[in-house]
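This report refers to the structure that appears directly beneath it.
The values are calculated or read from the model by the stated rules, or taken from the named source; none is laboratory data. Quantities reported herein were computed from a predicted structural model and do not represent experimental measurements. The area values use the complete protein model at the heavy-atom level, side chains included, leaving out ligands, DNA and RNA. Shrake-Rupley method; radii C 1.70, N 1.55, O 1.52, S 1.80 Å.
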Amino acid sequence: MRTATYAILLLLVISACSSKETSHIATVKNYYSGFNNGDYKLIETQLSDSLTITEGDYIMNFTPETFETHFKWDSVFVPQVKIINIEQQENDLLVTISASSKRFEFLRNNPLVTKHLVHFTNGKISRIDNVDFINTDWKLWTEQKEGLTQWIANNHKELDGFMIDQTLQGGLNYLKAIDLYTKRENNSTKPLEE
């Protein structure tokens, strides 16, 4: 009788863990689907009351309202995210994604492949740690970014500061800066101001 009771308890524990893992995977898939579809409401339902995103030493803390502002900025670049792999890591998920966008295209790292360790609180995403960037060419990224910001500072002061303004308007200014800079690069008959 004891053996049967232990077997039933073990099955219940395994079933509960499997259900939790499936639920977390669905939550992550919905989160990234929201970016692909421009659906903040879908993303918001996957998030806990606060969200922390880390990249190395850089920590960004969001409320649902401030993350919506970030989402609007990011949406300007028309991101498309593909989930490459999901691995269970204790109560968290290690998610490998491939993200393409107009910004990453300009920065010459399109798609950008990253690994995110996604943490949950009460079944909702509460923290995302960017733990690895796979085959990212940081030298090229930095050259593009610095070339763009310097050229904009010298030639279009009205857009200066676009790189740090992560609002909808900041994103639109970033796109305009990319467009102006790219047209400058493509116009070989016009002298360049550097």
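Among the protein heavy atoms, those of GLU68 account for about 60 Å² of accessible surface (1.4 Å probe, every chain in place). For LYS29, a cut-off of 20 angstrom between C-alpha atoms picks up these lysines, skipping any fewer than 8 places away in its own chain: LYS20, LYS41, LYS72, LYS82, LYS115, LYS124.
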